[in-house]
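The values are calculated or read from the model by the stated rules, or taken from the named source; none is laboratory data. All figures in this text were calculated on a predicted structure; none of them were measured in a lab. Please note: Cβ atoms are built from the backbone with ideal geometry, for glycine as well, and neighbour counts cover all protein chains shown.
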Amino acid sequence: MTPDVSSSGVNDSFEAASLMSPNLSLPMPSVHHPDAPLRLGIMASGSGSNFECIAQAIANSELNAQIQVMVYNNPNAKAAARADRLGIPKVLLNHRDFPSRESLDEAIVTVMQNHQVEWIIMAGWMRVVTQVLIQAFPRRTLNIHPSLLPSFPGVKAVEQALTAGVKIAGCTVHYVELEVDSGPIIIQAAVPVLPNDTVETLHARIQVQEHLIYPKGIALAASASTQPRP
Ligand code: GRF
């Protein structure tokens with residue numbers, strides 16, 4: 001990809017190292033049926049800040065989509081309160097109530113299908129997903145990861161980056177495949193690692209960029225999809 005050195009207008013962004021696709025300086029790509037918003041199903045386990053930023057991008061008409069439902073697995077997830085505040089339906093599927101990863105994924109697929117979801121958007125989902133989910137939504141399941149993949153997949157990605165001593169970190173929106181954090185990359189953004197960074201300060205800098213690229217990544221994936229819309 002060609003580096004895009006245009007300003008994002010965000011403090012602490014590392015403009016010269018931005019890895020965003022060059023066509024992102026153009027208007028958001030249109031989806032197959034411009035009048036029909038993408039029907040998104042969110043999966044979240046924690047804070048849900050990406051979930052809310054996607055909802056905000058929709059409200060600002062930056063993304064032609066609607067969030068049909070937010071599935072969460074942790075009863076204490078702050079994402080649940082965000083869903084209530086945003087007026088978005090939420091469904092708790094506590095992984096502790098399911099005997100296997102596959103059975104949890106079957107329940108998720110059922111909820112998503114019952115809510116007419118087209119695209120599954122994993123936004124801080126902290127469980128490994130199985131073929132059950134991926135096959136039900138082939139090339140229609142996206143994830144965001146707080147590293148410049150393929151570097152630092154898996155858990156504690158920000159800590160891995162600090163430990164490795166990299167000078168540039170970032171985030172990646174990608175298609176979900178069976179191997180964790182391995183699917184084709186849709187969009188990335190980079191940030192500098194500063195000398196006194198902690199996991200918290202670096203993650204906060206990365207999250208500013210996550211909130212910018214996830215709505216763009218969803219639109220890019222939709223515009224690139226060759227499948228008929230379900
Ligand atoms: C993000 O850093 C994302 O990259 C990772 O989990 C975090 C979720 O943050 N997969 P939030 O819940 O969206 O605030």
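Rundown of residues vs (1) within 16 Å of the chain's Cα centre (by Cα); (2) farther than 28 Å from ARG139 by Cβ, yes/no style:
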site	(1), (2)
ALA169	no, no
GLU177	yes, no
PRO195	no, yes
SER223	no, no
| message | Please determine whether any residue of the stretch 209-225 is within 13 Å of the ligand (Cβ to nearest atom), surrounded by 20 or more Cβ atoms within 10 Å (Cβ to Cβ), aromatic (Phe, Trp, Tyr) and closer than 21 Å to LEU40 by Cα. | response | yes
| task | Hey, could you check the stretch 68-87 for residues that are touching a residue at least 40 places away in the same chain (Cβ under 8 Å) and of a type in the set (A, V, I, L, M) and say which is nearest to the ligand (Cβ to nearest atom)? | result | ALA79
| message | Return the residues of the stretch 111-132 that are assigned to a helix (DSSP H, G or I) and closer than 15 Å to ASN73 by Cα; say none if nothing qualifies. | response | VAL111, MET112
| said: Going by what's in this entry, would MET112 be described as within 16 Å of the ligand (Cβ to nearest atom) and in contact (Cβ under 8 Å) with a residue 40 or more places away in the chain? | reply: no
| said: With the structure loaded, tell me whether LEU93 is of a type outside the set (D, E, K, R), without any contact (Cβ under 8 Å) to a residue 60 or more places away in the chain and surrounded by 14 or more Cβ atoms within 10 Å (Cβ to Cβ) or whether it fails that test. | reply: yes
| Scanning the stretch 151-172 for residues that are of a type in the set (Val, Ile, Thr) and in contact with a helix residue (DSSP H, G or I) (Cβ under 7 Å, 6 or more places away or on another chain), which turns out farthest from GLN188 (Cα to Cα)? | VAL158
| note | Checked VAL117, VAL129 against criteria (of a type in the set (Val, Ile, Thr), surrounded by 15 or more Cβ atoms within 10 Å (Cβ to Cβ), within 22 Å of GLN56 (Cβ to Cβ) and away from the ligand (no atom under 11 Å from the Cβ)); the one match is VAL117
| query | Considering only the stretch 38-72, how many residues are over 23 Å from ALA222 (Cα atoms) and either surrounded by fewer than 21 Cβ atoms within 10 Å (Cβ to Cβ) or at pLDDT below 95 (or both)? | reply | 3
| What do you reckon, is LEU178 loosely packed, with under 14 Cβ neighbours inside 10 Å and either away from the ligand (no atom under 11 Å from the Cβ) or assigned to a helix (DSSP H, G or I) (or both)? | yes
| query | Condition test on ALA169, is it crowded, with 21+ Cβ neighbours inside 10 Å and not in a helix (DSSP H, G or I)? | reply | yes
| message | On the basis of being loosely packed, with under 15 Cβ neighbours inside 10 Å, within 16 Å of the chain's Cα centre (by Cα) and free of Cβ contacts under 8 Å to residues at least 60 places away in the same chain, does VAL155 make the cut? | response | yes
| query | Mind checking whether some residue in the stretch 146-165 is away from the ligand (no atom under 16 Å from the Cβ) and not in a loop (DSSP other than H, G, I, E, B)? | reply | yes
| task | Name, by its number, the condition in (1) modelled with pLDDT under 95; (2) outside any loop (DSSP other than H, G, I, E, B) that does not hold for SER13. | result | (2)
